[in-house]
Amino acid sequence: MNKKKERGQLIVLSGPSGVGKSTVIAELLSQRDNIYFSVSYTTRQPRVGEQDGVNYCFVSRDEFEGMIARNELLEYAEYVNNYYGTSLKAIQERLDAGIDVLLDIEVQGAAKVKARCPDALFIFIIPPSFEELSRRLHRRNTDSEDVIAGRLEKAKVEFREIPNYDYLVINDKVSDAVGEIEAILTAAECRVENRRSILTQFA
Ligand code: ADP
Ligand code: 5GP
């Protein structure tokens, strides 16, 4: 399974803050080979337990604006007063090497990726209910009440973008959400256009 391909699949995962994206991604990466998580650049402060270069590359606003000016980002967006962006070079190298690349990005960034890379897979992840989203943000205990309120407001706006995505995953139980994403990735691998190299012997 997961044999190296000629070109990797770009996968965009979006969902409101606190829905469980990082949790689901960590589980997916522990189960699946040949997939790279794109570590984003951000100007926000690290949360307790977050490591520079692992969860995010934490940079200043000046450094981030330098990257924008030098066209080093595939996409970027401002989210609750901080910049977040994806390094173009890091993902291009992996895709060229046949490795799938997973982006955890919000809806404005995802729209920019869709315009530049229409072949990417777009997955949106939702909680089982809005109340559960609020509970998870509180339980995570990493953000102030103000920030949590801002993230919940933002979530309502983000849900409106769901029709622009290909797949909707519900993160009720982590293992079920991971299973659904695995199924989506496997189905994408079975597309005829992704199996052209195998077909040559039957021509
Ligand atoms: P995100 O990356 O989307 O902001 P996190 O992965 O940080 O979200 O998860 C937010 C909180 O919800 C964390 O405390 C995490 O442990 C918890 N969580 C994630 N998935 C689930 C789930 N399926 N059921 C219950 N709690 C969850
Ligand atoms: P958080 O601060 O909770 O880690 O992330 C806030 C939001 O920023 C999440 O919706 C997350 O998906 C998004 N995000 C993380 N990295 C990037 C990125 O590189 N680009 C964009 N556009 N959004 C990102």
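Going through region 94-138 one residue at a time, which ones are under 20 Å from Ala26 (Cβ atoms), more than 13 Å from ligand 2 (Cβ to nearest atom) and within 15 Å of the chain's Cα centre (by Cα)?
Asp100, Leu121
Can you find even one residue in region 10-29 that is surrounded by 19 or more Cβ atoms within 10 Å (Cβ to Cβ), within 16 Å of Ile91 (Cα to Cα) and within 9 Å of ligand 2 (Cβ to nearest atom)?
yes
Table: residues versus (1) within 12 Å of ligand 1 (Cβ to nearest atom); (2) in contact with a strand residue (DSSP E or B) (Cβ under 8 Å, 6 or more places away or on another chain); (3) of a type in the set (Asp, Glu); (4) more than 23 Å from Arg44 (Cβ to Cβ).
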| site | (1), (2), (3), (4) |
| --- | --- |
| Pro128 | yes, yes, no, yes |
| Glu131 | no, no, yes, yes |
| Ser134 | yes, no, no, no |
| His138 | yes, no, no, no |
| Glu145 | no, no, yes, no |
| Gly150 | no, no, no, no |
| Glu153 | no, no, yes, no |
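Are any residues in region 172-199 out of contact with any Lys or Arg (no Cβ under 8 Å at 6 or more places or on another chain), under 17 Å from Lys21 (Cβ atoms) and touching a residue at least 60 places away in the same chain (Cβ under 8 Å), and if so, which ones?
Of everything in region 172-199, those that are out of contact with any Lys or Arg (no Cβ under 8 Å at 6 or more places or on another chain), under 17 Å from Lys21 (Cβ atoms) and touching a residue at least 60 places away in the same chain (Cβ under 8 Å) turn out to be Val174, Ser175, Ala177, Val178, Ile181, Ile184.
In the list Tyr56, Tyr36, which residue meets the criterion of being within 17 Å of the chain's Cα centre (by Cα), within 11 Å of ligand 2 (Cβ to nearest atom) and of a type in the set (Ser, Thr, Tyr)?
Values: Tyr36 fails: within 11 Å of ligand 2 (Cβ to nearest atom).
Answer to the selection: Tyr56.
Bear in mind these aren't lab numbers, they're just calculated from the coordinates by the rules spelled out. Everything quoted here is computed from the prediction, not taken from an experiment. Please note: Cβ atoms are built from the backbone with ideal geometry, for glycine as well, and neighbour counts cover all protein chains shown.
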